[in-house]
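Quick notes on the structure that follows.
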Amino acid sequence: MSDDTRGTQGVTLLGKLREKLIARKTDWAKARRRPDGAAASVAGRLPPGQRLVKTWPVLDLGITPDTPQAAWRLKVDGRVAHPLEWDWPTFLAQPQTARVNDIHCVTAWSRYDNHWQGVAARHVIALVQPLADAKHVVFHGHDGYTTNVALAYFDSDDVLIAHGWEGQPLARAHGGPARIVLPRLYFWKSAKWVRRIEFVAADHPGFWETRGYHNRGDPWTEERYD
Ligand SMILES: Nc1nc2c(c(=O)[nH]1)N[C@H]1C(S)=C(S)[C@@H](COP(=O)(O)O)O[C@H]1N2
Ligand SMILES: [Mo]
């Protein structure tokens, strides 16, 4: 959403479009449909029902938060011994890591070999030290989006808080300044514009999980809609 569409009418129109989009995705989820054109099953690197794309589609709620690095903060809290809050320089002062992985979106596209730069989830976990009763993690985005994963999925070597993609700063449309990248689950679990990582004892289904998407979202067993 650009600034010049934020007039009263613009907000109403965009709000309606957004509601329509969400309603459509929710209906689709309820009908448990596999997206049109998706193959029934593909062996190997491509999970069942997925097709490979070369481009990188943008998918979100239609709000693109603008968080300048100077205003950026990441809070990690909840059921942890040492909650933390980083500003941008502190985030960049953490050990930096690179990962290469595949994206699998529930809308049936997959994209191979994405090169990410950022901070490993396991570095964050080592710092905050989850309490014994922390079993789930909720990611919160600046757009109000939330999504939940079992702690075991976040506590994985391939998960990171990414600020770079293919050697460039992560584009705002794709969640810049920083997003979660959690490649073992469908990409809706990888929160864009992440502002808070909350450790919780009881599971707390997020935006799509309360609108018919599967609570876990494993692409290999096609946990699309519940
Ligand atoms: N904050 C936030 N994160 C989000 C979303 C969103 O709407 N808001 N959409 C999710 C969905 S449904 C998908 S498929 C991916 C899309 O990421 P991309 O736009 O970088 O491809 O982001 C996920 N993370
Ligand atoms: Mo998605």
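Bear in mind that the values in this text are calculations on the coordinates, not laboratory data. Since the structure is predicted, the reported quantities are computational estimates derived from the model, not experimental observations. We place every Cβ from the backbone using ideal geometry, glycine too, and count neighbours over all the protein chains shown.
Given R0 = 22 Å, the distance between the Cβ atoms of HIS115 and LEU92 translates into a calculated FRET efficiency of 0.80. Can you figure out the FRET efficiency of VAL100 with GLU19, using R₀ = 45 Å and their beta-carbon distance, to the nearest 0.05? Efficiency for this residue pair is about 0.75.
Normalised by the empirical 2.2 N^0.38 Å for globular proteins, what value does the Cα Rg of the range 94-226 take? Please report the intermediate quantities before stating the final value.
On the way: Rg = 13.8 Å, N = 133, 2.2 N^0.38 = 14.1 Å.
Rg over 2.2 N^0.38 Å, computed on Cα atoms: 0.98.
Distance from the alpha carbon centroid of the range 66-112 to that of the range 186-224 works out to 15 angstrom.
Placing +1 on the Cβ of every Lys and Arg and -1 on the Cβ of every Asp and Glu, with no other charges, gives the range 119-223 a dipole of roughly 340 debye about its Cα centre. Placing unit charges on each Cβ (+1 for Lys and Arg, -1 for Asp and Glu) gives the range 99-226 a dipole about its Cα centre, and among GLY175, VAL159, PHE199 the Cα reaching farthest toward its positive end belongs to GLY175.
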